[in-house]
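Novice: Got a structure for you, written out below as structure tokens; questions coming shortly.
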Amino acid sequence: MSKVVAPKNGKICVLCANWNGAIGSKTIEAKPGGVLMYDRAEKETCFKTGAKMPAWASCSGFKPRY
């Protein structure tokens, strides 16, 4: 498990509304300074593409969750 930080305005899967449906990330944590910490190794299904995507990936269909 390797935790990394992402800005709230980042366009990566872990921050996308299409990633893992209504559940979203199981490891994401809000930290001071407007950043989010998540587990880089987490993989969930993208409900837009149907593919299993890593938390750090991005795509043109990004839809903000947070």
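Novice: Multiply the residue separation of Lys11 and Ala51 by 0.36 nm, subtract the distance between their alpha-carbon atoms, and state the gained length in nm to one decimal.
Specialist: So the extension gain works out to 12.7 nm.
Novice: How much of the accessible area of the chain, probe 1.4 Å, is carbon plus sulfur, in whole percent?
Specialist: 56
Novice: Could you pull the accessible area for Lys3 with a 1.4 Å probe, rounded to 10 Å²?
Specialist: Accessible area of Lys3: about 80 Å².
Novice: Can you return the lysines within cross-link range of Lys52? Criterion is Cα-Cα under 24 Å, with same-chain partners fewer than 8 residues away left out.
Specialist: Leaving aside lysines fewer than 8 places away in the same chain, those within reach of Lys52 are Lys3, Lys8, Lys11, Lys26, Lys43, Lys63.
Novice: Could you work out, for the chain, what percent of all Cα-Cα pairs fall into each 5 Å distance bin, beginning at 0 Å and stopping at the bin that holds the largest distance?
Specialist: Distribution as computed: 4, 21, 34, 26, 12, 3, 0 percent.
The values are calculated or read from the model by the stated rules, or taken from the named source; none is laboratory data. Since we're looking at a predicted model, the values are computed, not measured. Keep in mind that these areas ignore ligands, DNA and RNA; they rest on the heavy atoms of the full protein, side chains included. Shrake-Rupley method; radii C 1.70, N 1.55, O 1.52, S 1.80 Å.
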